[in-house]
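We did not get these values from a lab; they are worked out from the coordinates using the rules stated. The shown structure was predicted, so the numbers you read here are calculated from the model rather than taken from an experiment. Note that each Cβ is placed from the backbone with ideal geometry, even for glycine, and that neighbours are counted across all protein chains shown.
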Amino acid sequence: MKKLLVCLILLMAVQVWAQDKTKVTVKSTEKNNGVVIVTINISDAKKSVDLNCNDGTPSCAAPKAGEYWMVKLPKNHGVYDCQCVDLFPVTADPDSDPKLGEYCMP
């Protein structure tokens, strides 16, 4: 009985921490006044969104155009005071590989 209870608790914890992974296409990247602005197209929504991060921080990178995985972080997680997302190369596994960068998604 205790093993079943432990398994249920672990299953619930995994679902709470589950990440929302979406394939996106980086269209352009620019640097402006110490901010890196990454324009992406979200595959599911077919709309463009600008992500941004502070140039010079360890978690900020200027990705080249191409396909990436975008992972939405849970609320109040991440470097920025907004909806934070991580970008991973499309060939990477977001569950085990290092992220390319962390960005604010307005």
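Highest mean first, the peptides 33-42, 83-92 sorted by other C-beta atoms within 10 Å per residue fall in the order 83-92, 33-42. What does the charge count near residue 44 come to, summing +1 for each Lys or Arg and -1 for each Asp or Glu among other residues with Cβ under 13 Å from its Cβ? Residues near residue 44 contribute +4 overall. Take the convex hull of the alpha carbons in region 48-106; its mean projected area over all directions comes to 4.2 nm².
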